[in-house]
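Read-outs throughout are calculated quantities, based only on the coordinates presented, and are distinct from any laboratory measurement. Since this is a predicted model, take the numbers as computed values, not measurements. Neighbour counts run over all protein chains shown; Cβ positions are idealised from the backbone, glycine included.
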Amino acid sequence: MLLVENSVHRKTTSQAFVPLSGAALLSELRGSTTLRNHTDLGLAGGLRSWLEDACHELLPDNAPLQVITKASIVRSHLPIEREGVLTFEFLRGVLVSSVFRLHLQLGPSDTPFLDAMSALEADVRQGGIVAAIRALSPGDLADLQRDVHLHAKNFGDRWPLLQAAWLPRTGIGMSVPLAGGRVVLRGWADVMIGAPRHDVASVCLVSIRSTPLHPLQREELHFTALVETLRSGIPPFRLASYSTLTGEIAAEPVTDELLKGAVHKTIAALKHLGSATK
């Protein structure tokens, strides 16, 4: 079924809701430039030590490799697979994210679905997703194409041009080993904006969603911010989730309390994984 903006439940998006666009959307992503925190060079080290202690306490020496992702943090999400088959919603999300990244890099496209498929086909890691899309029925494939075109039009009409000086990057994978490599934290940012600095937090991480925003997605972003802090030694200054369906954006500053909360969630996920291996 073709998705339209007014299909969103009223509890999520009211009829009076007007999506931000242009300069207003950019302002929400940038936040206040006068309130950015000066970098605490010891913060990342302290967070890492906290996690290292938890790894040694919760995992036996012979435990297999434990990989913690955002899915480990928010286990109440619906599974992305159903009876071994990737869902329509998941496939749509992958395609929309791909089109969005291409839009930021190359500008608007008249053939967003074909462009996204070409990008996926060029990535050998996406072979299963490409095969699942090709296996769709003609009706489902047509629905998927229409959905992707709708989402592409939505963000094409609303998103501002990002200056090259802000170094917009897309599809950023993050990996942080702990406990001598026995534990790995893996994060992903659809978009990263801002030139890294060592004195002031300056990077914004953006998560692109093809569905209405959900509160649990904040916890996933908090985990991503923690991984980026451990990886680079510098925390991001701002996080944002953006829905290409509704135009909703949920942005917040990164604080020490936010990162500490992400550590607690990560330790809880580690405890869950550790108990499953016993």
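Taking all pairs of distinct Cα atoms, average 1/r, flip it, and tell me the Kirkwood hydrodynamic radius of the chain in Å to one decimal place.
Numbers: mean 1/r = 0.0500 Å⁻¹.
So the Kirkwood estimate lands at 20.0 Å.
Placing +1 on the Cβ of every Lys and Arg and -1 on the Cβ of every Asp and Glu, with no other charges, gives the stretch 81-158 a dipole of roughly 140 debye about its Cα centre.
For the chain, the membrane-span-like helix rule (DSSP H, alpha carbon extent of at least 15 Å along the helix axis, mean Kyte-Doolittle at least 0.5) picks out 88-106; this says nothing about an actual membrane.
Using C-alpha pairs below 8 Å separated by at least 6 residues, the relative contact order for the chain is 28 percent.
Sorted into 10 angstrom bins from 0, the C-alpha pair distances of the stretch 81-158 split as 19, 54, 25, 3 percent. Cβ-to-Cβ counts within 10 Å put Trp188, Trp50, Trp159 in ascending order as Trp50, Trp188, Trp159, the fewest first. The charge dipole of the chain, taken about its Cα centre with unit charges on the Cβ of Lys, Arg, Asp and Glu (plus for the first two, minus for the last two), comes to roughly 200 debye.
Packing-based ranking of 89-95, 176-182, 135-141, 259-265 yields 89-95, 259-265, 176-182, 135-141, ordered from highest to lowest mean Cβ neighbour count within 10 Å. Extension gain for Ser118-Leu136 works out to 4.8 nm (0.36 nm per residue, less the C-alpha to C-alpha distance). Only one residue of Ile133, Leu102, Gln145 has its Cα farthest out toward the positive end of the dipole of the stretch 81-158, where Lys and Arg carry +1 and Asp and Glu -1 on Cβ, and that residue is Leu102.
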